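Q: Have a look at this one.
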Amino acid sequence: MQTDRLWELSQRHRLVSGVDKTAAVALLSACHAAYQPIYYIIQNLHEKLAEIADRVAELDRECFDLNEEHCQVGHQRCQLESSADRNAWLFQTLNVLQTQAKYLDMHARSLAPSLVQSSTVKLLKEAMQLVKQYKSNFSMGFARAAS
């Protein structure tokens, strides 16, 4: 994994930084090269989540408009429960994914080429894993949507 390589390069950099300036510069350059793909992947994730957030908000507005158009009887309104449940699930899922992306970003920044500790690599790997409860919730939502 790229994070392991970054940690290894950082440790080598730390060992030679006081002894061999040329090797230290070369290793720092290699650290930056290893860090860049991690950074770009996380930035791409943020962009995709922003697009998804826009689409979810648009879907929510369309559902609200359809609900208003089709369910208004006199002054009474009806609520389409399946639509409300689906929208709530979409917003919750989006929120979880956005939070996950923020943690990834935060931990990846601590991997920036300077001093990378093995605990930092471990935290990033942990941040990349979704909590089991969220995985189950996502699966349940997908199953409901498919039926």
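Q: Go through the range 16-36 residue by residue and tally those that are among the small types (Gly, Ala, Ser) and not in a helix (DSSP H, G or I).
A: Step one: list which residues in the range 16-36 are among the small types (Gly, Ala, Ser), which gives 17-18, 23-24, 26, 29-30, 33-34.
With the extra rule that they be not in a helix (DSSP H, G or I), the set shrinks to 17-18.
Matching residues across the range 16-36 total 2.
Q: Are any residues in the range 16-33 free of Cβ contacts under 8 Å to residues at least 40 places away in the same chain and either open to solvent by less than 70 Å² (accessible area, probe 1.4 Å) or not β-branched (Val, Ile, Thr) (or both), and if so, which ones? Explain how you work it out, then say what you get.
A: Initially, the range 16-33 is screened for residues free of Cβ contacts under 8 Å to residues at least 40 places away in the same chain, giving 16-27, 29-30, 33.
If the condition is that a residue be free of Cβ contacts under 8 Å to residues at least 40 places away in the same chain and either open to solvent by less than 70 Å² (accessible area, probe 1.4 Å) or not β-branched (Val, Ile, Thr) (or both), then Val16, Ser17, Gly18, Asp20, Lys21, Ala23, Ala24, Ala26, Leu27, Ser29, Ala30, Ala33 are the ones that fit.
Q: Looking at (1) in contact with an Asp or Glu (Cβ under 7 Å, 6 or more places away or on another chain); (2) aliphatic (A, V, I, L, M); (3) open to solvent by 60 Å² or more (accessible area, probe 1.4 Å), which one does Ile42 not meet, given that it meets all the others?
A: Condition (3) is where Ile42 drops out.
Q: Another question about this same structure. Considering only the range 1-15, state which residues are in a helix (DSSP H, G or I) and open to solvent by 40 Å² or more (accessible area, probe 1.4 Å).
A: Quick first cut of the range 1-15, residues in a helix (DSSP H, G or I) only: 2-15.
Scanning the range 1-15 gives Gln2, Asp4, Arg5, Trp7, Glu8, Arg12, Arg14, Leu15.
Q: For the range 65-104, give me each residue that is open to solvent by 60 Å² or more (accessible area, probe 1.4 Å), in a helix (DSSP H, G or I) and at pLDDT below 80.
A: Leu66, Glu69, His70, Glu81, Ser82, Asp85, Arg86
The values are calculated or read from the model by the stated rules, or taken from the named source; none is laboratory data. The structure presented is a predicted model; accordingly, all values stated were derived computationally and were not measured. No Cβ is skipped: glycine too gets one built from the backbone with ideal geometry, and neighbour counts run over all protein chains shown. Note: accessible area is taken over every heavy atom of the protein model, side chains too, but ligands, DNA and RNA are not part of it. Shrake-Rupley method; radii C 1.70, N 1.55, O 1.52, S 1.80 Å.
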